[in-house]
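The values are calculated or read from the model by the stated rules, or taken from the named source; none is laboratory data. What you are looking at is a predicted structure, and each value in this text was computed from that prediction instead of being measured. Heads up, the Cβs are rebuilt from the backbone with ideal geometry, glycines too, and the neighbour counts pull from every protein chain shown. Side chains included, ligands, DNA and RNA excluded: accessible areas come from the protein's heavy atoms. Shrake-Rupley method; radii C 1.70, N 1.55, O 1.52, S 1.80 Å.
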Amino acid sequence: MPLYRDEAIVLRTHRLGEADRIITLLTRHHGRVRAVAKGVRKTSSRWGSRLEPFTHVDLQLAEGRNLDTITQAETKAAHGATLGNDYDRYTAGTVMLETAERVVVEERQPARQQFNLLAGALTAMAGGQRAVGHVLDSYLLRALAIAGYAPTFVDCAHCGRPPVTATGELGHHRWFNPSMGGVLCSTCRIPGSASPAPQTLVLLGGLLAGDWPVVEAAEPRHVREASGLVAAFVQWQLERGLRSLAYVER
């Protein structure tokens, strides 16, 4: 069987037989891959802790017809141990893993941007220097943007009209609707649209752009409002809700 090497982040595992596991991976060069880790559940296995969710690993795999087989594994970053000691970071990280698996639809197709984004977000989440909610919401918006579902927080998502005020200055549209892909002008507004504060829209734009000075300057009430809108947007765009998102405290 042909062999290949790649970096990967372990997204999910489940049992196979008495001693094996199927490992779902997001790899740097081959996208989403499912592979068998033989004997990994035995107490004598050298790989047990290296192939747990959140772990960034360097792998050698043998190509298979349906499932590849992991033949070597070396740990690059073991985020699971750090995240497992903090409930908020662990649950937020779980949402990130589930999102990555959902947005990378096709197996064995390159998804380098998604891999780089997830690797960076897990490092930031485990590092603890930034607020849990900020890292999670920024990751969710950027992962969906890479997947082709970029929200708009400035121009109208339906007609593209910029939010110009009567004096000719750039302002903010009043309405937001997840099903329409972002903010809406008064003409395009549909029933059920939310009316977020202008500061919340600025925060959302900062989360999408990774503009941390803007994000960290936001007031708690705007952070809460933005988190609710991010959750609604993600749940709508992914059609089937993220199960792990229900466990995140917001």
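If N is the number of residues in the chain, what value comes out of its Cα radius of gyration divided by 2.2 N^0.38 Å?
Its radius of gyration relative to the 2.2 N^0.38 Å reference: 1.13.
Shape verdict for the stretch 92-175, please, from the Cα gyration tensor: rounded (a/c under 1.5), prolate (a/b greater than b/c) or oblate.
Oblate is the answer for the stretch 92-175, as a/c is 1.5 or above yet b/c matches or exceeds a/b.
For the Cα atoms of the chain, what angle does the longest principal axis make with the long axis of helix 112-127, in degrees from 0 to 90, nearest 10?
90
If only Cα atoms are counted, what is the Rg of the stretch 112-250, and what is its Dmax, in Å?
According to the Cα coordinates of the stretch 112-250, Rg and Dmax are 15.0, 46 Å.
Could you work out how far helix 220-237 tilts from the main Cα principal axis of the chain, as a 0 to 90 degree angle to the nearest 10?
It works out to around 60 degrees.
Angle, helix 87-103 long axis vs. longest principal axis of the chain, Cα atoms, 0 to 90°, nearest 10?
Tilt of helix 87-103: around 90 degrees.
Sort W175, W212 from largest to smallest accessible area, using a 1.4 Å probe on the heavy atoms of the protein chains. Spell out each step's value before the answer.
On the way: W175 30, W212 55 Å².
Reading off the accessible areas and sorting them downward yields W212, W175.
Compare the peptides 114-124, 12-22 by average per-residue count of other Cβ atoms within 10 angstrom and give them in order, highest first.
Values: 114-124: 19.8, 12-22: 14.0.
The densest-packed peptide leads the list: 114-124, 12-22.
Does a label point 7 Å from the Cα of Y4, set along Cα-to-beta-carbon, have any residues of the stretch 110-154 with amide nitrogen under 18 Å, and which are they?
Hits in the stretch 110-154 for Y4 at 18 Å: 110-116.
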